[in-house]
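The block underneath contains the structure these notes are about, expressed in structure tokens.
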Amino acid sequence: MTLRPIQEVAKEEGVNVLTLYRLIRAGKIARYKRAGDRRTFVDTEQVREVRGFRRVAGPEPGAEPVPAQPVEAKPVVALAVVSSDGRVLMTRRRFPEGRFAWGFPSGNVEPGETPEAAAVREASEEVGLTIEVEGRLGERVHPVTGRQMIYFRCRIIEGVPHLVDHDELAEVRWVTLAEADELAAPQGGIFEPVREHLLRLSAAAE
């Protein structure tokens, strides 16, 4: 068994760290923690076995070329737009390359899962909320990431938002629409149907 931080394994094996978290949630690879260390560790060999790939540093002299592998389709991302008293809940997500980005609680739609169920699950796993989906605000291909995004307006049934997933998230915050605009600007701004929804809520709260 070779335990290493999940970010290092993702980088070395050429796979998105979020894919490894999906495999952990699906029970296909084990997740390990070390006392006093907030990082997540995984077994490199188990990751390679489950994913069915191996790291190739380069072809050996006289070796046959490695056949190209089919490109894995990007999963659909469900986003929970949770609002209260004219403010909206945003999270600061960390990425394996060391950058951060603000957005709404979100995550990939798992096989056999509806986008609505994914939004509810991610709100629970990321910020500790039990929410209800009230409707779909729209969907788009994200201008920066190229991912298919589906946005849902949601209300809190139970809980106070707090940081649960310390591996993927660095911060959770209630913000005004003006603050949300500023935080989302580096990621291409707020999706216009979502912004219109937040504008209506902000006006109603005044």
Charge-dipole axis of the stretch 3-51 as Lys and Arg at +1 and Asp and Glu at -1 on Cβ define it, positive-most pick from Gln7, Val42, Ile24: Ile24
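Quote the charge dipole size of the chain about the Cα centre in Debye, to the nearest 20; the model charges only the Cβ of Lys and Arg (+1) and of Asp and Glu (-1).
Details: 29 positive and 32 negative charges, 67 e Å.
Magnitude of the dipole: close to 320 debye.
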Derived scalar couplings ³J(HN,Hα) [the stretch 187-195; Karplus, 6.51 cos²θ - 1.76 cosθ + 1.60; whole Hz; x for Gly, Pro]: 9, x, x, 6, 3, 4, x, 5, 4
Dipole magnitude of the stretch 3-51 about its Cα centre (Cβ charges: Lys, Arg +1; Asp, Glu -1), debye to nearest 20: 280 debye
Extreme residue, positive dipole direction of the stretch 77-205, given options Ala180, Leu79, Met90 (C-beta unit charges): Ala180
Helix-only CD estimate at 222 nm, as mean residue ellipticity for the chain, using -39500 (n - 2.57) per DSSP H run (n ≥ 4): -8500 deg cm²/dmol
Of [x] 109; [y] 153; [z] 144, the label for volume of the Cα convex hull per residue in Å³ derived from the coordinates: [z]
Proximal lysines relative to Lys74, as straight alpha-carbon distance under 27 Å, when same-chain residues fewer than 8 apart are discounted: Lys11, Lys28
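Only the coordinates and a few stated rules stand behind these numbers; no lab work does. For clarity, every value in this text was computed on a predicted model and none was experimentally measured. Note that each Cβ is placed from the backbone with ideal geometry, even for glycine, and that neighbours are counted across all protein chains shown.
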